[in-house]
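Below is one structure; the comments refer to it alone.
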Amino acid sequence: MINSSSVSNKFQVSIDGSFNLSDHETTWAAPTEAEDLSEKGLKKAAKKFLKDNLKQLQAAQELLWASNRRSMLLIFQAMDAAGKDSTIKHVMTGINPQGVNVTSFKQPSKEELEHNFLWRYWNRMPERGQIGIFNRSYYEEVLVVKVHPEILDARPIPYGNRGDEFWQARYEDINSMERHLCRSGKVILKFFLNVSKAEQKERFIDRLSIPEKHWKFTESDVEERLYWDDYMRVFEEAIRATSTEWAPWHVIPADNKWKMRGLVSSIITEKILSLDLEFPAVSDEQKARLAEIKEELKKE
C-alpha cells in the first residue's frame, strides 16, 4: 500500500527556505493502488504495513547496534494530542530496549537554566549504536518560548533585543549543533506531527469522556489551544529555518494515527538501511578459534 522510498520524498521538507505549513495537509489520501479500499480496509492495510515494516526496523536497529559506528536521533514535535506518545510506542514495539532511549523533556531545572539553552539536550544525546528519541526537544526553545516570550524574562540570560535577530541566532545555533552531531556520526530525523485544530478538539473531548484517559488531560492543554495560530506561525518559521540537508524535517499528517505511525516507521527504517552499515568483521583466526570452541562444546 505504501512505497517507503516515496514516503520520505513526499513528506520531507525542502531546504530552500520555501516551506509553508499551509501546503501540508493534516490527512493523507490513499495511494492509487489503495483507492478502492474502504476506510476499514485502509486501516487494516496500514496496520499490516506497520507490522511488516517493524520487522525490517528491528533488523535495521540490530545492525545499527552491532556496527557501533552511527547513532540515530529522532525528534518528535507537535501540538498537544497529535499522537507523539502513541507513535513512539507503536513504532518502537519489539525494538531491543537496550538500544533505545526515550526522553520526554519537562520544564528545565534550576541547574539546567544556569547553562545555555542547548545544554540539557546535549546531555541526553544517544551513544553510538543507539536510537535516541526526544519527545519534544530543544525546538521548544524556539516554539513555546517564542509564543510566550515572558518565559525569557524569568531566565538568567543577558538582556538585549528579543526580536528577529535573537530567534535567528537560536536557529543558527541549532543548525550548527545538528551539523556537528551529524559530522560525528549521528543521523537526525525530525518529525512534525501535523494535526488539525478540529481533530485536536475531538481528541480532547475523548480524553474528557473516558475516565481512563483523564490523566492525559491538563487545563493547560486548552489554554495553549487559544494560541493555535501563534503556534502554527512559529512551527512554520522554525521548520523553514532548520530543515537542512543534514537534519531534515518531515511533516507527517496526524489526523489518522494508524496512517501516521506507518509513515514514521517507514521513514526511519529506510534511513537506517541507507547507511550501508555492516556487522563487525571476524578474522580468519577468530573464525577458526570459534569453530574449535564449537566442537569442544559438542563433545561435552
**Degrees between helix 197-209 axis and first principal axis of the chain (Cα, 0 to 90, nearest 10)** = 80
**Prompt:** Relative to the longest principal Cα axis of the chain, at what angle does helix 284-299 sit, 0 to 90 degrees, rounded to 10?
**Reply:** 70
**Item:** For the chain, with +1 on Lys and Arg beta carbons and -1 on Asp and Glu, the positive-most of Pro211, Leu226, Gln286 along the dipole
**Value:** Gln286
**Prompt:** Taking amide hydrogens as modeled 1.01 Å from N in the peptide plane, which residues meet the under 5 Å criterion relative to Arg136, leaving out close sequence neighbours?
**Reply:** Phe76
**Item:** From phi via Karplus (6.51, -1.76, 1.60), per-residue ³J(HN,Hα) for region 226-238 in Hz, x at Gly/Pro
**Value:** 5, 9, 3, 4, 5, 5, 4, 5, 6, 4, 4, 5, 5
**Asked** Which ³J(HN,Hα) values, rounded to whole Hz and listed in residue order, are derived for region 239-254 from phi using the Karplus coefficients 6.51, -1.76 and 1.60 in 6.51 cos²θ - 1.76 cosθ + 1.60 with θ = phi - 60°, glycine and proline given as x?
**Response** 5, 4, 7, 10, 8, 10, 4, 8, 9, x, 8, 10, 9, 9, x, 10
**Prompt:** Add -39500 (n - 2.57) for each DSSP H run of 4 or more in the chain, then divide by its residues: what number comes out at 222 nm, to the nearest 500 deg cm²/dmol?
**Reply:** -15000 deg cm²/dmol
**Asked** Classify region 173-215: rounded, prolate or oblate, from the alpha-carbon gyration tensor (a ≥ b ≥ c, eigenvalue square roots; a/c under 1.5 rounded; otherwise prolate if a/b is larger than b/c)?
**Response** prolate
**Relative contact order [Cα under 8 Å, 6+ residues apart], the chain, whole percent** = 34
**Request:** Select one label from (i) 15.4; (ii) 16.3; (iii) 21.2: the one whose number is mean projected area of the Cα convex hull in nm² as derived from the coordinates shown.
**Result:** (iii)
**Message:** Could you derive backbone 3J(HN,Hα) for region 67-80 from the dihedral phi with the Karplus parameters 6.51, -1.76 and 1.60 (θ = phi - 60°), listing whole Hz in sequence and x where the residue is Gly or Pro?
**Reply:** 5, 6, 10, 10, 9, 10, 10, 10, 10, 10, 10, 5, 6, 4
**Request:** For a footprinting-style exposure proxy, rank Asp80, Asp221 by other Cβ within 10 Å, fewest first.
**Result:** Asp221, Asp80
**Asked** Can you list the aspartates and glutamates whose alpha carbon is less than 20 Å from that of Lys47, not counting same-chain residues fewer than 8 positions off?
**Response** Glu33, Glu35, Asp36, Glu39, Asp85, Asp255, Glu270
**Prompt:** Listing Val7, Val91 from the residue with the fewest other Cβ atoms within 10 Å to the one with the most, what is the order?
**Reply:** Val7, Val91
**Request:** Compute the separation of the alpha-carbon centres of region 103-181 and region 224-300 and state it in Å as a whole number.
**Result:** 23
**Request:** Could you line up Ile157, Ile15, Ile88 from fewest to most neighbouring Cβ atoms inside 10 Å?
**Result:** Ile157, Ile15, Ile88
**Prompt:** Contour minus end-to-end for Phe166 and Ser14, with contour as 0.36 nm per residue of separation and end-to-end as the Cα-Cα distance?
**Reply:** 52.3 nm
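Bear in mind that the values in this text are calculations on the coordinates, not laboratory data. Keep in mind the model is a prediction, meaning the values are calculated, not measured. FYI the Cβ positions are ideal-geometry reconstructions off the backbone, even for glycines, and counts take in every protein chain you see.
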